[in-house]
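Beneath this line is the structure, given in structure tokens, with notes to follow.
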Amino acid sequence: MELIFAEATPPGRGGVSILRISGDGARSLAERLAGPLPQPRHAYFRKIVVNGEMLDQGLVIWFESGQSFTGEEVAELQLHGAPVIFRRMHQILFSQGLRLAEAGEFTRRAFLNGRMDLSEIEGLGDLLSAETESQRLMALRTSNGELARKADDWRTLLIRAGALVESSVDFADEDVPDDVPLEVFDLLARFRDELDCQINGYGAAERIRNGFEVAIVGPPNAGKSSLLNRIARRDVALVSDMAGTTRDIIELRLDLRGLAVTMLDTAGLRETQDGIEGLGIERARSRAAAADLRVHLSLDGNVDGALWHPEDLIVASKADLGFTGIGLAVSSLTGQGLDRMLDVVFEKLSHMAAGAQLVSHERQLAALTDARAALTIDSKLPAELIAESIRNASTSLDRLLGRIGAEDYLDVIFTSFCIGK
Ligand code: GDP
């Protein structure tokens, strides 16, 4: 494989910058720069010398192929994080015929060399972009291969079921229907239960990954923008005494006790003659209706019936002015009731998140749904058809892991990776 390189650390000034080189000859290249490096996976403190000139000093490590992140020979140079060193190193490596790695290219090589499957790569991408604890925990599980291991267990189960079906087929006598052993249906039922559990948990897992949406709704001047500002503790929405000033949907991305949440401030929900505001209201209503939860801000206990869902919250606004008496009450002026309200929002969202399993990407869901559909079979079917359904389910699992059909996804997945990963 062609030698490629990139910093694994972000560009700019820093204590240390890690330069990663991958491909055939990575070790000998590192030795040309740093002197002999006898043992793989040992850190050597070395001077980096080019044409007799010392460029920097730092730790140098090499990994033999099969023992590295990419699966190829890899060298890592931990140099000082100065842009000038970064530039000089790039010049030197270009002059040695290396090229800069593309975004995600190290990971792509890890995939091509069988070091990672597609679900682990998706997990790694999620881990790199995780903002909250729940995202980190979920991403860590998939990037560690938990879904891949499950898929392997399922495959073993399908292979056993397939073998049992095959052994029941009497090829000599085509006229006699074959008796498929009952164990086959037990195995398939177990597999279906596990798939159902993953498929049913998708909605929650996807929400954890992409974040829940909570819309603040209520009539103009209910105090929606003020509430959002108070939550953000900075000015994100325009607050004004004039009704209808919030013309667009304002989004606030929050880490709510470990859950990623986007709070939406919707335009004042009222009838209007103003075309632009009317459009804003339309957008706001459909966005609010589609949110996971709505906080109905109210001054009189009334809520907008068309947007009301049983799990929603009614919150009395402007509690400092005495508008209370319907359970939760907040004041954006004093902050009263705000923590309690966020506690309740968190409880409700945690409840929704509780069913999350490992499947959080649409691509993974599609593969499992296909496997599930393949196995929705009638036990009275001829053995050959049952065997074929089992093979189809197996193919869907291969697709889940990227053993087949990965080409369509790799480019998309790696666009969200940075150079150096
Ligand atoms: P929106 O139209 O629902 O977004 O309402 P705004 O947030 O723009 O608030 C409307 C008016 O109510 C503004 O004059 C705010 O200063 C005022 N207001 C909002 N929240 C409170 C509050 O908790 N207490 C008091 N006293 N006034 C508030």
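The values are calculated or read from the model by the stated rules, or taken from the named source; none is laboratory data. Here the structure is a predicted model, which means the values were calculated and not measured. Ideal geometry is used to build each Cβ from the backbone, glycine not excepted, and the neighbour counts take in all protein chains shown. Just the protein is used for accessible areas: all its heavy atoms, side chains included, with ligands, DNA and RNA removed. Shrake-Rupley method; radii C 1.70, N 1.55, O 1.52, S 1.80 Å.
A few points about this structure:
- Looking only at the stretch 194-231, and only at residues there that are within 16 Å of the ligand (Cβ to nearest atom) and in a loop (DSSP other than H, G, I, E, B), the one that is nearest to SER331 (Cα to Cα): GLY223
This table checks each residue for (1) assigned by TED's automatic domain parsing to the domain that holds ASP378; (2) aromatic (Phe, Trp, Tyr); (3) out of contact with any helix residue (DSSP H, G or I) (no Cβ under 6 Å at 6 or more places or on another chain); (4) modelled with pLDDT of 95 or more.
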| position | (1), (2), (3), (4) |
| --- | --- |
| ARG136 | yes, no, yes, yes |
| ARG141 | yes, no, yes, yes |
| LEU147 | yes, no, no, yes |
| LEU157 | yes, no, no, no |
| VAL165 | yes, no, no, no |
| VAL169 | yes, no, no, no |
| ALA172 | yes, no, yes, no |
| PHE191 | yes, yes, no, no |
| LEU195 | yes, no, no, yes |
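- Count - residues of the stretch 65-113 that are closer than 15 Å to GLY23 by Cα, of a type outside the set (Lys, Arg) and surrounded by fewer than 16 Cβ atoms within 10 Å (Cβ to Cβ): 8
- In the set (1) part of a strand (DSSP E or B); (2) more than 32 Å from the chain's Cα centre (by Cα), LEU93 fails one condition alone, (1).
- Verdict on ARG141 being open to solvent by 30 Å² or more (accessible area, probe 1.4 Å) and part of a helix (DSSP H, G or I): yes
- Members of the stretch 384-421 that are of a type in the set (Ser, Thr, Tyr) and not in a loop (DSSP other than H, G, I, E, B): SER389, SER394, THR395, SER396, TYR409, THR415
- The set of residues from the stretch 399-420 being over 13 Å from GLU122 (Cα atoms) and in contact (Cβ under 8 Å) with a residue 12 or more places away in the chain comprises ARG399, ARG403, CYS418, ILE419, GLY420.
- Residue in the stretch 1-39 that is most open to solvent (accessible area, probe 1.4 Å), counting only those that are among the hydroxyl-bearing types (Ser, Thr, Tyr) and assigned to a strand (DSSP E or B): SER17
- Inside the stretch 309-342, residues that are within 30 Å of the chain's Cα centre (by Cα) and hydrophobic (A, V, I, L, M, F, W, C) make up a count of 4.
- Within the stretch 300-319, considering residues that are open to solvent by 70 Å² or more (accessible area, probe 1.4 Å) and not acidic (Asp, Glu), the one modelled with the lowest pLDDT: ASN302
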